[in-house]
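Everything on this sheet refers to the single structure shown next.
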Amino acid sequence: MNEEKIVVEVTPLPCRDGSIPENPDADPLVNLVDELASEQPVELIQTAEEFKLGLVIWPDPTLKAPVMNFPEEHLGSPLVRNTADKMLELMYHYKGVGLASQQVSVPFRMFVMDQQKDDVKTPQIFLNPKVTEVGDKFIQVNHPGEGCLSFPYGFHSPVPRLEKLELEWLDFNGIVHHQWFEGAEAIIVQHEMDHLDGYCFIDRLSWMKRNLAIRKARRIRARYKKGMRRAVSAMKNAPRTPEHNLKRLQMFENAQRAKERINGLSDQS
């Protein structure tokens with residue numbers, strides 16, 4: 001499977017003096033965080049800069065980094081809309097049912113969800129979500145249990161979750177929505193809300209199960225690194241004949257597939 005680059009067209013932010021950053025690789029969301037921290041107004045302007053989204057894989061510390069609410073005046077901006085669209089693209093590409101901004105290095109509270117009942121896509125986008133009320137019963141997914149796109153190591157486990165809860169969120173127009181979610185949808189919502197608070201699903205497991213998950217992840221990562229080193233060494237030392245060039249290409253493809261597995265780019269993860 002070929003690796004796909006996910007790119008978002010955005011509107012980057014001006015510097016505090018009103019000028020445009022000279023660095024074309026500047027991260028517009030980082031600029032926005034700086035501006036919000038300074039409590040100065042920010043005006044979005046149209047440019048051709050690109051902002052790339054990629055899936056963050058455990059144990060990347062980004063998964064535990066704090067996030068903040070979107071400023072309401074920016075909810076309908078191209079930056080926010082395009083980021084939500086690309087998050088949905090990533091989620092569908094990895095065959096997931098939910099994806100939080102924490103998993104794509106976006107430092108604002110947002111997640112997308114689509115349970116895809118009967119193979120029909122019904123995407124939902126939640127901006128600045130918060131739980132307002134919960135039920136008193138618990139459920140869990142038993143077979144095979146919960147998994148996570150940011151933990152692509154073939155590990156699943158049941159996680160006790162609230163059977164139902166009420167969520168409050170904003171849409172792109174700043175309108176407040178309230179809705180009760182039950183069953184599978186409630187589990188997805190809680191899974192993504194955990195991400196926004198810096199938790200992966202393995203953090204909800206018992207000490208023993210969490211250690212099993214971590215050991216399995218470390219074994220897979222170690223095999224990938226070892227395989228990559230062997231492939232690189234073999235490619236460097238192989239003769240430059242057509243036959244060996246074909247073998248070199250095959251080794252490269254095998255290493256690439258291992259890389260896709262470890263980075264969550266395998267459909268089987």
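The table below lists the values:
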{"quantity": "Net charge, C200 excluded, C-beta distance under 11 Å - Lys, Arg +1, Asp, Glu -1", "calculated": "-2"}
{"quantity": "By average C-beta atoms within 10 angstrom, highest first, the peptides 170-181, 96-107", "calculated": "96-107, 170-181"}
{"quantity": "Set K164/K216; K117/K164; K130/K216; K95/K226; K64/K117; K121/K164 screened for pairs whose C-alpha atoms are more than 25 Å apart", "calculated": "K164/K216; K130/K216; K95/K226; K64/K117"}
{"quantity": "Charge tally in the Cβ shell below 12 Å around K121, where Lys, Arg are +1 and Asp, Glu are -1, K121 excluded", "calculated": "-3"}
{"quantity": "Using a Förster distance of 25 Å, the FRET efficiency for A65-H93 (Cβ separation, nearest 0.05)", "calculated": "0.60"}
{"quantity": "FRET efficiency, 1/(1 + (r/R0)^6) with R0 22 Å, evaluated for E163 and D119 via beta carbons", "calculated": "0.30"}
{"quantity": "Sum of side-chain charges, K164 neighbourhood, beta-carbon under 14 Å (Lys, Arg +1; Asp, Glu -1)", "calculated": "-4"}
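Any read-out appearing in this document is the output of simple, stated calculations on the displayed coordinates, not a laboratory observation. Values in this document were obtained by computation on a predicted structure and should not be read as measured data. Reconstructed Cβ throughout: ideal geometry from the backbone, glycine too, with neighbour counts over all protein chains shown.
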